[in-house]
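Novice: Sharing a structure below in structure tokens format, with a few things to ask.
We did not get these values from a lab; they are worked out from the coordinates using the rules stated. Not measured: the values here are computed from a predicted model. Here Cβ is always computed from backbone atoms with ideal geometry, including for glycine, and neighbour counts include all displayed protein chains.
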């Protein structure tokens, strides 16, 4: 039986980010702000944008990708609210990213199944 990648990742609601650590603390665990400073970052499985928005003040560009359109709508609303102009959110799956190889300097998969 063939399965579509369009249904991948829709198991947990966007609100689940409330159960996760603050992005600053998680970024510290990954090595700190230096990991993303002035870099192009992709957050795969970004959900409501928690980690992508946490990286935005330090990165040159951040793209969040998630298969859940409602999570992406919420992430875009949060980005507008914060005035995070260097962040974009797209509906999509990790298996079909619309970017050239090597485009991003850092890939983050935070709490992604």
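Novice: Run through every distinct alpha carbon pair of region 14-113 and return the Kirkwood hydrodynamic radius in angstroms, one decimal place. Each step should come with its number before you reach the end.
Specialist: Working: mean 1/r = 0.0758 Å⁻¹.
Over region 14-113, the inverse of the mean reciprocal pair distance is 13.2 Å.
Novice: Here's another thing I want to ask about it. Which order do peptides 59-65, 33-39 fall in by mean Cβ count within 10 Å, highest first?
Specialist: Working: 59-65: 22.9, 33-39: 15.0.
Result, highest mean Cβ count within 10 Å first: 59-65, 33-39.
Novice: Among 66, 105, rank each residue by its count of other Cβ atoms within 10 Å, from fewest to most, as a rough exposure measure. Please report the intermediate quantities before stating the final value.
Specialist: Working: 66 28, 105 15.
By the 10 Å Cβ count, ascending, the order reads 105, 66.
Novice: Could you order the peptides 68-74, 93-99 from most to least packed, using the average number of other C-beta atoms within 10 Å per residue? Could you put the intermediate results ahead of the total?
Specialist: Numbers: 68-74: 18.0, 93-99: 13.1.
Highest mean packing first, the order is 68-74, 93-99.
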